[in-house]
1. Mind telling me which of the residues V124, V196, V159, V177 ends up being touching a strand residue (DSSP E or B) at 6+ places or on another chain (Cβ under 8 Å), assigned by TED's automatic domain parsing to the domain that holds S61 and over 30 Å from G82 (Cβ atoms)?
2. Which members of the stretch 45-71 meet the condition of being outside any loop (DSSP other than H, G, I, E, B) and in contact (Cβ under 8 Å) with a residue 12 or more places away in the chain?
3. Within the stretch 102-119, can one find any residue that is surrounded by fewer than 18 Cβ atoms within 10 Å (Cβ to Cβ), at positive phi and either touching a residue at least 40 places away in the same chain (Cβ under 8 Å) or assigned by TED's automatic domain parsing to the domain that holds T140 (or both)?
4. Suppose we filter the stretch 175-210 for residues that are outside any helix (DSSP H, G or I), modelled with pLDDT of 95 or more and aliphatic (A, V, I, L, M); how many remain?
5. Does A163 meet the test of being small (G, A, S), surrounded by 12 or more Cβ atoms within 10 Å (Cβ to Cβ), under 22 Å from L199 (Cα atoms) and in contact (Cβ under 8 Å) with a residue 24 or more places away in the chain?
6. Evaluate the stretch 126-142: report whether one residue or more is of a type outside the set (A, V, I, L, M), in a strand (DSSP E or B) and over 22 Å from T181 (Cα atoms).
7. Need the failing condition index for Q110 against (1) among the polar types (S, T, N, Q); (2) touching a helix residue (DSSP H, G or I) at 6+ places or on another chain (Cβ under 8 Å); (3) part of a helix (DSSP H, G or I), just the number.
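The values are calculated or read from the model by the stated rules, or taken from the named source; none is laboratory data. Please read all numbers here as calculations on a predicted model, not as lab measurements. Note: ideal-geometry Cβ built from the backbone for every residue, glycine included; neighbour counts use all protein chains shown.
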Amino acid sequence: MNNSFVNTARLLGAGLRALLVLTLVTGVVYPLVVTGIAQAAFSTKANGSQIKADGRVVGSSLIGQQGYSLRYFQPRPANGLGTNSVNPRYKLILSGATNLSADSKVLLKQVEDAKAKVVKDNSVPGYTVKPSDVPADAVTSSGSGLDPDISPAYADLQVHRVAEKNGLSVAAVEKLVKDHTTGRTLGFMGEPRVNVLELNVGLKDLVAQK
C-alpha cells in the first residue's frame with residue numbers, strides 16, 4: 001500500500017479522534033461541570049436572579065420594570081428605552097440611554113416634567129412634596145433605562161402616597177422600605193439602594209395581611 005495513503009489515513013484518523021475527544025470535553029463535560037457548579041453555588045444568579053410572587057416568576061431583580069400603578073412604588077424614568085421597529089410582530093423593549101447632553105433643552109424639559117409629576121403624584125392630604133425634595137434619580141433615567149433600583153430618598157418620598165392608596169399606616173410602609181434597603185456593597189462601593197420590584201412584592205404581601 002502506498003505510504004502516502006497510509007500516512008493520510010493515519011492523520012485523518014488522529015484528527016477525527018481529536019475532534020471527538022474535544023467535542024466531548026468542551027461540548028459536553030465542560031458545560032455540565034460549569035452548570036453544576038453554578039447551580040450548586042450560585043443557583044439564584046445562575047437562573048437569572050428571578051423574583052417570584054404567588055408561586056410564579058414576576059421578573060428579575062436585575063431588570064427594572066415600568067407601568068406600575070400609583071398604588072405601588074415607582075421606578076426611575078426610562079426615557080432611553082426604545083421599541084422594536086424592524087420586526088413589529090414581536091413587542092420588544094430595547095435598552096438604551098437618551099444620549100442627551102447636560103445642556104439639552106429636551107433633557108431639561110423631561111426633567112422638569114418628571115419633577116412636576118413626582119410632586120403632584122406624591123402630594124397627599126397631610127403631606128406635601130416640594131420640588132426641592134425630589135432626588136435626582138426620580139427625574140433622570142439610567143444609562144440602560146432598566147435600572148432596577150431607586151435611592152432610599154426616592155422610596156421615602158413615595159411612602160405617604162403608597163400608604164394612602166393602600167390604606168396602610170405610614171409607619172408600616174416606612175418599615176417596609178427600611179427592610180428592603182440595601183447598603184453599599186462591601187460597605188464602601190456604590191450607594192444605598194432599594195430594589196423596586198422586590199419592594200412592590202413586599203408591599204403586595206403587606207396589603208394582603210391587613
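1. On inspection, the qualifying residue turns out to be V177.
2. The answer is I51, A53, V58, G59, S60.
3. Within the stretch 102-119, not a single residue is surrounded by fewer than 18 Cβ atoms within 10 Å (Cβ to Cβ), at positive phi and either touching a residue at least 40 places away in the same chain (Cβ under 8 Å) or assigned by TED's automatic domain parsing to the domain that holds T140 (or both).
4. Matching residues across the stretch 175-210 total 1.
5. So A163 does not fit the description; no.
6. For the stretch 126-142, residues of a type outside the set (A, V, I, L, M), in a strand (DSSP E or B) and over 22 Å from T181 (Cα atoms): present.
7. (2)
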